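Worksheet: one structure, shown below.
We did not get these values from a lab; they are worked out from the coordinates using the rules stated. All figures in this text were calculated on a predicted structure; none of them were measured in a lab. Cβ placement follows ideal geometry from the backbone for every residue including glycine, while neighbour counts extend to all protein chains displayed.
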Amino acid sequence: MMMLTLRREAHGFVGFIERQKNLIKRYWLWEVVWLIYSLVSVLSIGYLAAGLGSLGTGGFDLRQAQLYLLVGALLWAYLSIVFIEITFSVTWERWEGTIEYTFMAPVRRLTHLLGICTFALLYGLARTLVVLLIAMPLFHLDLSHANLVTAITVMAVSTFPLVGLGILASVLPLLSPERGEQMTVAVQGVLLLASGVYYPVSVLPGPVQALAHVSPLTYTLEGMRAALIGGRGLAAVASDLLPLLLMSLVLVPLGLAVFGWAERRAKRLGLLKRSG
Amino acid sequence: MSQAKQPAVETSRLTKRFRREGGGRHAGMPWRRRRSDLVALHPLDLTLERGITTGVIGPNGSGKSTLVRVLATLVLPDNGWARIFGHDVVTDSFSVKRYINRVSVEAAFFKELSAWENLVYASRIYGVADRGLRGRVESVLARFGLPRDLLDRPLRHLSRGQQRKVAIARSVLTTPSLLLMDEPTTGLDPRSKREVQHMVTDLRQDSVTTLLCTHDLDEAEALCDRVLLMDHGRVLADGTPGQLGRLEDLFFELSGRGLEDADTEAEAETQDMEVQPA
């Protein structure tokens, strides 16, 4: 019985990944557009850094500044893809009118969300890799001093709070079919501002700094910069890994619980039917 | 009662209200919209035996779709309970989901994906085994007179009738014990409508318990073993098509208006008021 249940859930898990893959395949032109957008964003930041020298803002290591900004831009490209893919999963189903069908299926919500998140992570990595491969020769990016073990560890540990945050944000279209989608974009904007993507969080005003401390992206970016630019080992990024681990413990169960609550609320108020 | 003897559907005092927001605002508080409750289902007691096709007839707003959605675990009732083969739709919804499938008036497909991709997705989330899936899909489609080459076309390229047939094929593929059909022939041309009706007749041979919501009185008379006549969330009449005689006349007799008038009235109400979240 247990095996049968697990097999069914595994089928469902694969089904969600496959569905997302098929949707990306069918909307390939949009994906090309978004890839170009990501690439252009990263390149713009790279050239901005390169141009700082000609603006007469000397007195600091331009090469380091460029690397700092590019790592931020690349990570933001990755994190925003993952975040968007997870948060838009509900919105997308609303557009297509399939949300009731998916919610009626005998598959655990955990399996459903894990499938969506796994695809988002894999797709985000693939798309960011393409951008990285194009950006590296253009900016002569030298990552020979990078500590890849630390970088991969930080990335892996960051996955969990990011997934939790994505699930939390995906609840918004369930709460409000009309305004949920816009609210997820607003959340993304706040994360960009507060997490120190392009600058150290120390330059932010007090209240925004407080937000930075509770954003998992802040620790991801700090840890990744320490690993990729500073070549630091695991011990040196422990102060980033620990908050990420703690946030995982909070955000993933919280995301699942809030999603469950929002689903029950939508069913109580009859909101699943509406296309928004 | 043992599982095998449980009725397909059983409800007791099942009730559902939705909050509606009107166009006006409170006189003293202009920032607040006027709200009122719409009773979608008055306390409903119902038992559907296994293996029969039950028609639910009523105008828009009569509570047909709400009943289907409650049974499909998509809407939570306010009061009372509903059980599917003995499983409560609220407290044991996961078990209920294993028994049911639903064909709605909306196609509920990923329109850019092919019929095959949509069917594979449905199979996977219903835990249907992969082995021989293509063959099974093709045989279901052939049974319902759908050409094989249609499988690889995006759903948006299919006619409404074909989409509806693929939706029924999708539900059959997951072998439900209870099939909830919410106006499966609404909006179809006469030929597609006949073909879909033929598919419903076919399902009776598989002993699938079917709840068929429809506006079409002839359809209910032809396809159903039992008919419930609903209006404003209440069951006005319940019996075999033979017992209920001419359903249109009966509806007029019981509700004091014709079915078409009731539909027009419901549409006008929908334009004035909108169901709103709290």
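Observations on the structure shown:
- Legend: calculated FRET efficiency, residue B:240 to residue B:143, from the Cβ-Cβ distance at R0 = 22 Å, rounded to 0.05, equals 0.20.
- DSSP bridge pairs, the protein assembly as shown: antiparallel proportion in percent, nearest 5: 60
- Along each principal axis, Cα extent of chain B, largest first, Å: 65, 45, 40
- Percentage, to the nearest whole number, of Cα pairs in segment A:162-276 over 26 Å apart: 31
- Legend: mean number of C-beta atoms from other chains within 10 angstrom of residue C-beta atoms, peptide A:13-24, equals 4.
- Inter-chain neighbour count for B:98-111: the average number of beta-carbon atoms from partner chains within 10 Å of each residue's beta-carbon is 4.
- Note that segment A:13-269 carries a Kirkwood radius of 19.3 Å, evaluated over its alpha carbons pair by pair.
- Chain B - share of DSSP beta bridges that are antiparallel (%, nearest 5): 60
- Segment A:1-76 and segment B:121-141 have their alpha-carbon centroids 35 Å apart.
- Dimensions (Å) - the protein assembly as shown, Cα atoms, principal axes, largest first: 94, 66, 45
- Inter-chain Cβ neighbour average for residues B:70-77, partner chain, 10 Å: 5
- Computed from phi, the 3J(HN,Hα) profile of segment A:136-145 under the Karplus parametrisation 6.51, -1.76, 1.60 (θ = phi - 60°) reads 4, x, 5, 10, 6, 5, 10, 10, 5, 8 Hz, with x in place of Gly and Pro.
- Using C-alpha pairs under 8 Å with a sequence gap of at least 6, the mean separation divided by the residue count of segment A:13-269 gives a relative contact order of 25 percent.
- Think of each Lys and Arg Cβ as +1 and each Asp and Glu Cβ as -1; about the Cα centre, that makes the dipole of the protein assembly as shown roughly 1060 debye.
- Measuring nothing but alpha carbons in segment A:64-201 and taking Rh as the Kirkwood radius, the Rg to Rh ratio lands at 1.03.
- Distance violations [Cα-Cα > 23 Å] among A:267/B:16; A:21/A:267; B:64/B:97; A:25/B:111: A:21/A:267
- Charge tally around residue A:111: other residues with Cβ under 11 Å, Lys/Arg +1 each, Asp/Glu -1 each, net +3.
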